[in-house]
Amino acid sequence: MEIRIRGVSKHYYSEGKTIKALDGVDLTIAANQIFTLLGPSGCGKTTLLRCIVGLEAPDTGEISIGGQTVWSKEKNISIPPEKRGLGMVFQTYAIWPHMNVFDNVAYPLQVRNVGKDVIRERVANTLRFVQMEGYEMRPATKLSGGQQQRVALARALIAEPKVILFDEPLSNLDAKLREETRKELKAFLGNLQITAVYVTHDRVEALALSDAIAVMRAGQIVEVGTPQKIYFNADTRFVADFIGRANLVKARVRFQEGDRTVVECGLGTIACERRDIPVGNEVTLCIRPEFIHVAKGEGSGENVVNGRIDSQVFVGEAYESEIRVGNELLLAKIDPDANLKAGDPVNFRLDAAHCLLVSI
Amino acid sequence: MDRARARLTYSLVIIVGFLTVCPVVMLALGSFSEGLTAFGTFTLNKYIAAYTDPALLGVMVNTLIFVFGSSVLATVLALFLAYLNTRTDIPFKFLFKILSIVPMMIPHLLFSVSWALLLNPSNGMMNTVLKNVFFLESAPFNIYSLEGMILVEALLDLPIAYLIIAPAMASFDVALEESSRVFGAGTWRTLIRVTLPVLRPAILAAFVLGVVRSLASFAVPSVLGMPGRVNVLATHLYEMIALGFATDYGKAAAVGMSVLATSVTLIYVYRALTAESEKYVTISSRGYRPAVIELGKARIPLFTIVALLSFGMIVLPVAVLVYTSFVPYTMVPSARAFSLMSLKHWTDVLQDPLSLLALKNSLFLALAGATLGVVLSVFVGYAIVKVRTRASGILESLSFLSFSFPGIVIGVGFMWFFVQTPLYATIWALLIGYIATYLPYGVRPMASAFVQVHAHLEESSLVCGASHLTTMRRIIVPLLVPGIVSAWILMAAMFIRELTLSVVLSRPGSEVLAVQILKFADDGLWGKLSALGIIMIAISTTLVVLATLVGEKFKAVEGGG
């Protein structure tokens, strides 16, 4: 089901100050997608999720799920969370400690007065789906973090909601388990016809899991797009910097030429992926470290930059090197076999397609 | 929803406000009135009379020595025990747990009585034994003195002080100490320069709470102070309202006002200190074990001290009472004493209509009072934790206020109120007074139970499609049951032994156990006293054991969590 959010704002008052948790959010989440709300802590992503599920009421605006308006300030519509028929996995999992796995998972069906036999069968099916079969009688508190996460997922799925919401569901797991669970979650969700809204501050998680990402800052949606678009082709410096490691260089637009925009910057004259920015404007040139392929010695030609290795750190799969080009210091990944050391002159050619121009 | 919550909060503010503010206001008004029957005519005479009383100076000095002496001693002992338990390799650590819990089952009144039986100068059992062994002319110890009072009160306040200091010490970040050691300071210097200063808020909190409790203490001064004419404020007040022919509630109120003001101030200091101490000691301890200090040669002597303390605080008092309940009159244990043992005191007590009435009244107050108190506490706890408005903040302060109430002073306040109503001299007056004074004992476990019910547990039930009512029935109430049970039993155990409020409010017909025991003490009927006292201990022990069992059962259901 499609989720439409129009002009949603939410303010908090704390210690005499007004905090804009959500500031006029407009967003359409397409049906049957994994959609991620990504942003630094305090950007309003969890508040937005809680407004969708109905645990919080916005100050203004309208939210509709699958064509049904669930919240509207103007029309005075406010459907409580228990009537919205959604599924949600909480950050703390919220597994009820006084119930066993069966009762936790069966709960949504029990409150809908579904027959006992049906419940038993569907709990068994759902637990099999999340690979927790046979755990029915286990007390909730005897579950590991990963198991709690699966039970929470089973509980969210059992009533077959059309929309499922995730509030940072992996943040309580340790790094290794987080990676495994992320893959599983993607597989689980891929097998279902379901719209998933996923909140996280972890960019790798967002990139790996999502069909689309909305990056948020200070209560506003900054950018929406596919993971590739957000990573390679962000519109703003904030998004480019937030989604991955980036070398950010101040630049000024010289001229436009075909599908290239040529800028002048500390690295010299660089042809970049075309952006419709007026000539003479200041921009930021964003180059990801993995696209700087250095070679020994000096070089020349279009988009070729000469520099010198300033320092390097061995991090296992590569050297992370800082390359000095004039006043700029660029981060690059260098193959451990390259046999370069600090002080060596190097050159690299920048592919225009990977030279991203973003607003300052 | 929000409106319903606001209405709930406001009604609670009114109920709790009535319970806690009413006795204070009545005390204040009473202190400016001529007498219980002449309420409302303004006069300053009572203040003049109370504060120009030549006896008051002596009472004040005694109170200061008693209060500070016992609080300092209790805090130092608690600190010593907490350090031994959390930091050293002292053997039999389970003793510390017993030491911090079991004394709560022995009512203060009986604890004081048992020490009087042991160490009174005329026929105290321990004194007699020492006199015979060392051929002394007179008794070596006199418990009817300030020193005796300080010792007994300190032992009574020790468990509470320990329960404040020990957790702070256990959650103390050992890295702070270790870094001091790395920079060259020895164990002793580290203790003085790092450990104690970091623990200062917890230590001060334990001390301040000790001051509040000993200022309000009535059992120790009445049993150990009054026979030796060592009066402190609590007994000074008691003499004004209970002894002699001309009881003077106005004068008592005038004195009580300053006791109450001191106590309320101190309890807010205590509250600020505990907040501070939580700020100091919040460190995440991921499976680390504090370094254990090896005591070496000091291990056995230090353990002997702990063992003696446990013996003196738990075994001795109960043993003395049991023994006394069987022998015809106070005598040192001997073959002859054992041959004279009988059940006479027990049958006397169980046939004594007054004792039976007191037992019946106390049981009623415990059951009804705890039930009503817990119902109120559930709502107050909910409003304080889950409804975060200004009104709920006021509610929190109000429900905390009675924590500072010295029973005897607040009893005088209630007296001024109940005399105006038909409740005077009924058991209902005691019921209302109990709930008002002991409300924090119900609210605190309930508030922490509500804190444990994380908002997500409630919210996820709503998202699953359950209504608010279903969420209440299936999620919130089951999670609260352990808190409800422990609050109920805590309150019931408090009410079974209640003394300080009861000595003021109880009248012929509404006697309670503790008052009856005090009467036996005044008349020197130690045998009957002991028999009734053991019944009282048995009831309150049963309650505490039940509480522990219920707690364990629910812990088992919840697992290791």
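A compact table of results
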{"read-out": "Stokes-Einstein translational diffusion, the stretch B:59-206 - Kirkwood Rh over all Cα pairs, 0.890 mPa s, 25 °C, in µm²/s", "value": "140"}
{"read-out": "Where labels lie 7 Å past Cα in the beta-carbon direction, separation of A:Gln256 and A:Ser171 in nm", "value": "4.1"}
{"read-out": "Modelled label reach - B:Ile65, point 7 Å along Cα→Cβ, the stretch B:131-161 residues with backbone N closer than 19 Å", "value": "B:140-155"}
{"read-out": "Between 0 and 90°, nearest 10: helix A:175-190 axis offset from chain A longest Cα axis", "value": "70"}
{"read-out": "Full-extension gain in nm, B:Thr304 to B:Ile98, via 0.36 nm per residue minus C-alpha separation", "value": "72.6 nm"}
{"read-out": "At 1.306 mPa s and 10 °C, Stokes D of chain B from Kirkwood alpha-carbon radius, µm² per second", "value": "63"}
{"read-out": "Alpha-carbon Rg/Rh ratio, for the protein assembly as shown, with Rh computed the Kirkwood way", "value": "1.09"}
{"read-out": "Cβ-Cβ FRET estimate between A:Val304 and A:Lys229, R0 fixed at 25 Å, reported to 0.05", "value": "0.35"}
{"read-out": "Nearest-ten-degree value, helix A:145-157 long axis tilted from longest Cα axis of chain A", "value": "70"}
{"read-out": "Descending Cα extents along the principal axes, the stretch A:1-151, whole Å", "value": "49, 34, 26"}
{"read-out": "Helix-only mean residue ellipticity at 222 nm for chain B, each DSSP H run of n ≥ 4 adding -39500 (n - 2.57), per residue, nearest 500", "value": "-24000 deg cm²/dmol"}
{"read-out": "Environment charge of B:Ala466, counting only residues whose C-beta is closer than 13 Å and scoring Lys/Arg +1, Asp/Glu -1", "value": "+2"}
{"read-out": "DSSP H segments from chain B that extend 20 Å or more along their own axis, Cα-based, with Kyte-Doolittle mean of 0.5 or above", "value": "B:2-31, B:54-87, B:146-170, B:196-216, B:249-281, B:353-386, B:427-452, B:477-496, B:526-558"}
{"read-out": "Within straight-line cross-link reach of B:Lys93, aspartates and glutamates at Cα separation under 18 Å, skipping those fewer than 8 residues along the same chain", "value": "B:Glu294"}
{"read-out": "For B:Ala246, net neighbour charge (Lys/Arg +1, Asp/Glu -1) across residues whose Cβ lies under 14 Å away", "value": "-2"}
{"read-out": "0 to 90° range, to nearest 10: angle between helix A:101-110 axis and chain A longest Cα axis", "value": "70"}
{"read-out": "Label point 7 Å beyond Cα of B:Thr548 along Cβ direction - residues of the stretch B:426-465 with amide nitrogen under 13 Å", "value": "none"}
{"read-out": "Calculated FRET efficiency for the pair B:Leu243/B:Val21, C-beta based, R₀ 41 Å, to 0.05", "value": "0.90"}
{"read-out": "Simple spin-label estimate for B:Arg200 and B:Ala49 in nanometres, 7 Å along Cα-Cβ", "value": "4.6"}
{"read-out": "Å³ per residue enclosed by the Cα convex hull of chain A", "value": "184"}
{"read-out": "Residue pairs, from the table A:Lys162/A:Lys186; A:Lys83/A:Lys162; B:Lys360/B:Lys528; A:Lys17/A:Lys73; A:Lys83/A:Lys142, whose Cα atoms sit over 21 Å apart", "value": "A:Lys17/A:Lys73; A:Lys83/A:Lys142"}
{"read-out": "Cα point-scatterer Debye curve for the stretch A:184-318, base-10 log of I(q)/I(0) at q = 0.17 Å⁻¹", "value": "-1.06"}
{"read-out": "For q = 0.13, 0.15 Å⁻¹, Debye-computed log10 I/I(0) when each Cα of the stretch B:430-509 counts as one equal scatterer", "value": "-0.54, -0.64"}
{"read-out": "Size of electric dipole in chain A: Cβ of Lys, Arg +1 and of Asp, Glu -1, about Cα centre, debye, nearest 20", "value": "920"}
{"read-out": "Theoretical ellipticity at 222 nm over chain A - DSSP helices of four or more residues, -39500 (n - 2.57) apiece, nearest 500", "value": "-6500 deg cm²/dmol"}
{"read-out": "Label-point separation, A:Leu331 to B:Ala455 (7 Å along Cα→Cβ), nm", "value": "3.5"}
{"read-out": "Straight-distance crosslink candidates among aspartates and glutamates, where the alpha carbon sits under 17 Å from A:Lys296 and sequence neighbours closer than 8 are dropped", "value": "A:Asp310, A:Glu320, A:Glu322, A:Asp335, A:Asp337, A:Asp344"}
{"read-out": "Shielding by partners - mean other protein chain Cβ count within 10 Å, residues of B:449-458", "value": "3"}
{"read-out": "P(r), alpha carbons of the stretch B:194-261 - 5 Å bins starting at zero, rounded %", "value": "4, 16, 19, 18, 15, 9, 7, 6, 4, 2, 1, 0"}
{"read-out": "Rg over Rh, two decimals, the stretch B:404-561 (C-alpha only, Kirkwood Rh)", "value": "1.11"}
{"read-out": "D (Stokes-Einstein, µm²/s), Kirkwood Cα radius, the stretch B:105-152, 1.567 mPa s at 4 °C", "value": "118"}
{"read-out": "Share of alpha-carbon pairs per 5 Å distance bin for the stretch B:32-73, given as whole %", "value": "5, 20, 15, 14, 13, 13, 10, 7, 2, 0"}
{"read-out": "Relative contact order, percent, chain B [alpha-carbon distance under 8 Å, six or more residues apart]", "value": "22"}
{"read-out": "Förster-model FRET efficiency, 45 Å R0, B:Leu357 and A:Asp23, C-beta, rounded to 0.05", "value": "0.05"}
{"read-out": "Cysteines in the protein assembly as shown that, by Cβ-Cβ distance, have no pairing candidate under 4.7 Å", "value": "A:Cys43, A:Cys51, A:Cys265, A:Cys286, B:Cys22, B:Cys464"}
{"read-out": "The stretch B:475-548 pair-distance distribution - Cα-Cα, 10 Å bins, rounded %", "value": "19, 38, 27, 12, 4, 0"}
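Bear in mind that the values in this text are calculations on the coordinates, not laboratory data. Note that the structure is a prediction, hence the values are computed from the model and not measured. For neighbour counting, all protein chains shown are included, and Cβ atoms are generated from backbone atoms with ideal geometry for every residue, glycine included.
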